[in-house]
Amino acid sequence: MTASPIAGGADLEGFDFAVDDTTALHEILAELRAAKPYAIVPFAGKHAVLLLTHELVGAAFRDEATFPASAIYPLTTGPVLGKTLQCMSGREHRINRAIASPPFRRGEVARHVEPVLEPLAHELIDRFADHGEADLVAEFTTRYPVLVISRLLGLPVEDEDIVRRWAHDLFCYPFDPDSALAASREFTEYLTPILEHRRRNPGDDLISTLVTATAEGERLDDEQVLAFLRLLFPAGADTTMLALANTLVALLTHPDQLELVRSAPDEHVQWAIWEGLRWEPPVGLLPRICPESTTWRGIDIPASTPMIFSINAALRDPAAYPNPHRYDITRRAADMLAFGQGPHTCAGTWLALAELRTALAILLRRLPVLRIRDNATERARITSQVGTALRGPAELPVRWEVRRSST
């Protein structure tokens with residue numbers, strides 16, 4: 001085996017890919033990718049292999065044997081989420097996914113979930129539509145996905161705000177462990193009696209399904225159900241929130257594309273969503289670990305080396321997308337890489353897509369002439385939200401025309 005590239009210096013110094021933020025992230029990734037398809041970069045005080053091309057990132061996702069998800073998640077989310085689907089493999093993963101994933105399949109989402117999405121979007125927009133301005137992150141994008149999941153689970157509407165805080169804090173363990181551990185404890189205490197009640201009195205909600213369904217003759221115990229629910233809120237709500245906000249930023253900063261969507265929303269909204277997922281995926285830099293020493297795609301990787309699947313670099317790879325930095329809904333490109341690939345592909349993909357389509361269509365219909373508020377473009381900048389992995393705007397200050405009824 002030749003000397004590992006990890007043993008030498010990094011291809012980039014002065015920027016830690018675990019914690020640092022920069023407005024020039026895409027430029028940095030493009031410059032590194034132009035030199036070679038991967039880079040050695042600082043990551044939490046170590047050197048990591050950063051995969052930069054569409055080909056390499058897709059191949060790494062599919063190679064669960066070399067880069068098992070179970071190697072990283074016990075370190076990053078395990079202490080607060082428990083043993084989730086992300087940490088499982090083999091029969092255990094198959095049984096848990098078989099019980100948990102059917103309500104999120106494409107046909108089930110279309111039949112049972114989509115009919116409730118539009119009323120929920122209107123319910124939120126009704127709270128601020130007459131104001132003429134709002135921060136859409138605070139008033140809509142952070143609330144809508146949590147509200148959707150809460151309704152699917154049959155949780156009380158009045159608990160929305162506390163559940164939303166738990167969903168956010170659960171993802172912050174490496175950076176704010178105290179808040180994350182408190183959220184995990186409070187969320188578990190809140191859900192445990194609900195699980196017990198639904199087991200005795202099942203309804204048509206998702207919790208009832210999780211506590212009563214079987215696969216290969218087995219049921220999930222309380223901790224398995226709780227682990228799935230702890231994962232569902234941050235993974236399902238936070239990522240969908242960021243994806244919607246990123247797409248809104250893209251449209252509001254590309255007026256020609258916004259006008260195209262407005263001209264024929266039934267035709268273009270879905271492609272605006274897909275292009276938003278490509279242009280700025282909510283999960284941009286996904287950390288993994290290579291547990292065993294290996295040579296993979298010509299890269300010598302020592303055991304326990306941190307890996308970074310740069311989904312955002314892959315989706316702006318010029319070998320896959322001409323003029324990749326432009327947000328262009330006429331690409332008509334539905335790239336599933338934003339949801340991962342392989343056995344740990346996001347189980348909630350079709351739910352997320354349905355939420356995003358519904359929310360964007362209704363926002364554009366209810367808030368005419370929507371635009372970023374004057375002198376607020378910098379506040380709407382897409383930035384790192386949880387480490388460098390999750391990206392989106394912290395604020396989205398907008399205005400629109402309020403059309404008063406003539407009575």
Search result, residues across segment 346-386 that are without any contact (Cβ under 8 Å) to a residue 60 or more places away in the chain and either among the aliphatic types (A, V, I, L, M) or part of a loop (DSSP other than H, G, I, E, B) (or both): PRO368, VAL369, ASP374, ASN375, ALA376
Condition test on ALA303, is it of a type in the set (A, V, I, L, M, F, W, C), over 25 Å from LEU258 (Cβ atoms) and without any contact (Cβ under 8 Å) to a residue 60 or more places away in the chain? yes
Taking PRO318 as the residue in question, decide whether it is of a type outside the set (Ser, Thr, Tyr), outside any helix (DSSP H, G or I), buried (at least 18 other Cβ atoms within 10 Å of the Cβ) and without any contact (Cβ under 8 Å) to a residue 24 or more places away in the chain. no
Filter segment 332-344 down to the residues that are surrounded by 17 or more Cβ atoms within 10 Å (Cβ to Cβ) and either at pLDDT 95 or above or of a type in the set (A, V, I, L, M, F, W, C) (or both), then identify the one that is nearest to SER70 (Cα to Cα). PHE339
Residues in segment 305-327 that are touching a helix residue (DSSP H, G or I) at 6+ places or on another chain (Cβ under 9 Å) and either of a type in the set (A, V, I, L, M) or under 17 Å from ALA71 (Cα atoms) (or both) total 9
Of the residues in segment 230-256, those that are among the acidic types (Asp, Glu) and surrounded by fewer than 24 Cβ atoms within 10 Å (Cβ to Cβ) number 1
Filter segment 109-128 down to residues that are touching a residue at least 40 places away in the same chain (Cβ under 8 Å) and either basic (Lys, Arg) or surrounded by fewer than 17 Cβ atoms within 10 Å (Cβ to Cβ) (or both), then give me how many there are. 4
Within segment 159-194, of all residues that are of a type outside the set (Asp, Glu) and assigned to a loop (DSSP other than H, G, I, E, B), the one surrounded by the fewest Cβ atoms within 10 Å (Cβ to Cβ) is PHE175
Whether any residue in segment 114-121 is within 25 Å of ALA333 (Cβ to Cβ) and within 21 Å of the chain's Cα centre (by Cα) is what I want to check. yes
For segment 15-105, give me every one of the helices (runs of 4 or more DSSP H) that falls completely inside it and has 3 or more residues that are of a type in the set (A, V, I, L, M, F, W, C) and surrounded by 17 or more Cβ atoms within 10 Å (Cβ to Cβ). 25-35, 54-62, 90-100
Filter segment 266-314 down to the residues that are in a strand (DSSP E or B) and among the charged types (D, E, K, R), then identify the one that is surrounded by the most Cβ atoms within 10 Å (Cβ to Cβ). ARG288
Here are LEU251, LEU244: which of them is within 16 Å of ARG391 (Cβ to Cβ), outside any loop (DSSP other than H, G, I, E, B), modelled with pLDDT of 95 or more and in contact with a helix residue (DSSP H, G or I) (Cβ under 9 Å, 6 or more places away or on another chain)? LEU244
Between residues in segment 74-98 that are closer than 17 Å to PHE187 by Cβ and residues that are outside any helix (DSSP H, G or I) and of a type in the set (Phe, Trp, Tyr), which pairs lie under 7 Å by C-beta distance while being six or more apart or on different chains? THR77/TYR173; PRO79/TYR173; VAL80/TYR173
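The values are calculated or read from the model by the stated rules, or taken from the named source; none is laboratory data. Being a predicted model, the structure only gives us computed values, none of them experimental. We place every Cβ from the backbone using ideal geometry, glycine too, and count neighbours over all the protein chains shown.
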